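See structure below.
No value in this document is a laboratory result; all are computed from the given coordinates. The shown structure was predicted, so the numbers you read here are calculated from the model rather than taken from an experiment. Here the Cβ positions follow ideal geometry from the backbone for every residue, glycine too, while neighbour counts run over all protein chains shown.
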């Protein structure tokens, strides 16, 4: 069975400092991994995706994630946080042929001025 | 707006009533998914359609829940005899295939804004 574990339920950073949101995955085969963001009262938006091409994936709004098979990790990073980055972030793995998404529990990112 | 749309955005109902939600996917997206998100949790898969065929249902989808996609375009999700535990955000997503070596692959899912259900 596939799953993802987000290691932090809440992360707080100051504006302008780096962001690190941690995610470990479990999969019996090469996974397709995603990060989605959910702002209050808005729909889920895709930040980036990994589908077995380059291990360093660049997404929107300056976010990146690195797929590390040896560590079964897919951590999300951003060099400099902006106030507008405050939101809920979900690490997601796609399940096989059905394509259904399996979400982590989410990490709330707080950005302090 | 060419994104995924859902209607209604909010629904308040009394326990025991039936409710129906609608999802309109992005045109040409032949896969449509329903998820449920409760407060403080990530979305959980409920069911999905490829065109008009319902191909998988989660065990979360009790017999009070039914979903349809009669013409392979919009979909409806009905909950009969609602219970307070049904209170959640119901999300719809759609995706489309692209060809790759070895067959088709399905791209990322595009989500609608959700329908928030409150059962009193």
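Taking the Cα atoms of chain B, what is the range of coordinates along each of the three principal axes, in descending order and whole Å?
Principal-axis extents of chain B (Cα, largest first): 50, 31, 30 Å.
Between segment A:16-88 and segment B:26-72, what is the separation of their alpha carbon centroids in Å?
25
Quantify how much of the Cα-Cα distance distribution of chain A extends past 23 Å, in percent.
The proportion of pairs with Cα distances above 23 Å equals 22 percent.
Looking only at B:86, B:24, B:63, which one moves most when chain B is put into a Gaussian network model with springs between Cα atoms under 10 Å?
The residue that fluctuates most here is B:63.
For the protein assembly as shown, compute Rh as the Kirkwood radius over C-alpha pairs and then the Stokes-Einstein diffusion coefficient at 10 °C and 1.306 mPa s; write the answer in µm²/s, rounded to an integer. Each step should come with its number before you reach the end.
Values: Rh = 18.4 Å.
Roughly 86 µm²/s, to the nearest whole number.
How crowded by other chains is B:108-120, given as the mean number of beta carbons from other chains within 10 Å of each beta carbon?
What the average comes to for B:108-120 is 3.
Binning every alpha carbon pair distance of segment B:23-74 at 10 Å from zero, what are the percents per bin?
25, 50, 23, 2
Just counting partner chain Cβ atoms within 10 Å, what average do the residues of peptide B:90-96 show around their Cβ?
The per-residue average across the peptide is 2.
Bin all alpha-carbon pair distances of segment A:3-65 at 5 Å intervals from 0 and give each bin's fraction as a whole percent.
Using 5 Å bins, I get a P(r) of 4, 13, 21, 28, 21, 9, 3, 1 for segment A:3-65.
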